[in-house]
Amino acid sequence: MNILVINAGSSSLKYQLMDPHTGEVAAKGLCERIGLDGRLTHKAPARGIKVEREIPMPTHAEAISAVLEILVDPENGVIASTDEIDAVGHRVLHGGDKFIQSCIIDEACKQAIRDCIPLGPLHNPANLMGIEACEKVMPGKPQVAVFDTAFHMTMPPKAYRYAIPTKYYEEDHLRRYGFHGTSHRYVTRRAIELMGRSDIRLVNCHLGNGSSLSAVKDGKCQDTSMGLSPLAGVPMGTRSGDIDPCVAQFIMNKYGMTADECLNMLNKKSGVLALSNGLSSDFRDLEAGAESGNEACCLALDKFDYEVSKYVGAYAAALGGLDCLVFTAGVGENGPNTRAAICRNLGFMGVKLDPERNQVRGKEALISADDSQVKVWVIPTNEELMIAQDTAELVEK
Ligand code: AMP
């Protein structure tokens, strides 16, 4: 079976053609600069193919056409015809509180995604463009939407409600939603398999350029660090994370910024990038800086480790204890120093790493010491596989 997984952004579109049953990726790539000029990077790993092409992409429809053309290209492609694509799975950022799971895309589903645009103003319109482009280029092909918010919809009201007047919840749907849900769902499923039981108290640390944590009990999300938007929670590459709203008010008043300008600063110019005095949002650069004695880099890393540890502690309290801690995404999978610092902070809770096991990068591994009270795992995330599996399941039904 072949599922085409699409992650459409405003000017880019990532794709993978994969077998949902084996997880094998036949081809993957990226369309960039949609609406400007257009560039396609395409790889077929098993055939050692990597191609880069300039292709005009005025809209997402031309981008999808370019993807289909290269997938069936006799020289660089991996299928003979687009008939071999069984279905398309789309990553969709915001499902509001309507979607607790993935769904087949029909008019009602598209309208619901449209209704969530006020909640996901940057991503949902782009996701819709990707869906409509596929409809145009592959009419009648089954399509499925997989929502970044869906996994978190099991949170209880005490976790998702903000302590603000009720009308903002009832009329405007302002609440904690949480993101990276497909990743949290994937690592949760793996952690349950690896631990051999589902009744575990689990905290997932998805630490990448964007970072979020989730508290999970019996496989169900109980709390998560991102909120109405992905700006909330721990400090990230360029996002501030949790902040007193009065900070925004002060800056807007003093520097004559609009709300949008201030939010742009908090989303794109803050986080570890800001704490390192603009040096980098990339943890490799920050570690190199810290090693050469740059104090701002040390502070940026310290602050990140500190805030992640605080969230794990809070979530252990929310879950009534902790059986399993999972690290995933770019930094979680590849950053032994970050993992070690966080776990050192959590030593009082019986978290103990095995320093040698912790050297692992990008591979699934148990990294806690044998006498650790909490099992600590590195689990590489695979959101595309999750999307492909949901798509296959719904289409096969
Ligand atoms: P993601 O958003 O999941 O792609 O993660 C991107 C982040 O992962 C960047 O800050 C990278 O610096 C970080 N990362 C990737 N590889 C490594 C590595 N080998 N060591 C430390 N951080 C890494």
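Screening the candidates Asn334, Asn345, Asn294, Asn358 for the property of being touching a Pro at 6+ places or on another chain (Cβ under 8 Å) and either under 30 Å from Asn2 (Cβ atoms) or crowded, with 16+ Cβ neighbours inside 10 Å (or both) yields one hit, Asn358. Looking across region 216-228 at every residue that is part of a loop (DSSP other than H, G, I, E, B) and touching a residue at least 40 places away in the same chain (Cβ under 8 Å), the one that is farthest from the ligand (Cβ to nearest atom) is identified as Leu228. Of the candidates Ile64, Ile117, Ile3, the single residue that is within 23 Å of the chain's Cα centre (by Cα), buried (at least 20 other Cβ atoms within 10 Å of the Cβ) and within 24 Å of Met153 (Cβ to Cβ) is Ile3. Just one residue in the set Gly278, Gly241, Gly233, Gly271 is within 16 Å of the ligand (Cβ to nearest atom) and touching a Phe, Trp or Tyr at 6+ places or on another chain (Cβ under 8 Å); that residue is Gly233. Here Leu213 meets each of (1) assigned to a loop (DSSP other than H, G, I, E, B); (2) within 16 Å of the ligand (Cβ to nearest atom) with one exception, condition (1).
Restricting to region 31-57, name every residue that is touching a Leu at 6+ places or on another chain (Cβ under 9 Å), surrounded by fewer than 16 Cβ atoms within 10 Å (Cβ to Cβ) and not β-branched (Val, Ile, Thr). Matches in region 31-57: Glu52, Arg53, Glu54. Taking helices (runs of 4 or more DSSP H) as the structural unit, those lying wholly within region 94-209 and holding at least 3 residues that are in contact (Cβ under 8 Å) with a residue 60 or more places away in the chain correspond to 124-137, 181-195. Filtered by the rule that a residue be away from the ligand (no atom under 11 Å from the Cβ), of a type in the set (D, E, K, R) and touching a residue at least 40 places away in the same chain (Cβ under 8 Å), region 321-355 gives a lone residue, Asp323.
Read-outs: derived from the displayed coordinates by stated rules, not from any lab. What you are looking at is a predicted structure, and each value in this text was computed from that prediction instead of being measured. Glycine gets a Cβ as well: all are built from the backbone with ideal geometry, and neighbour counts include every protein chain shown.
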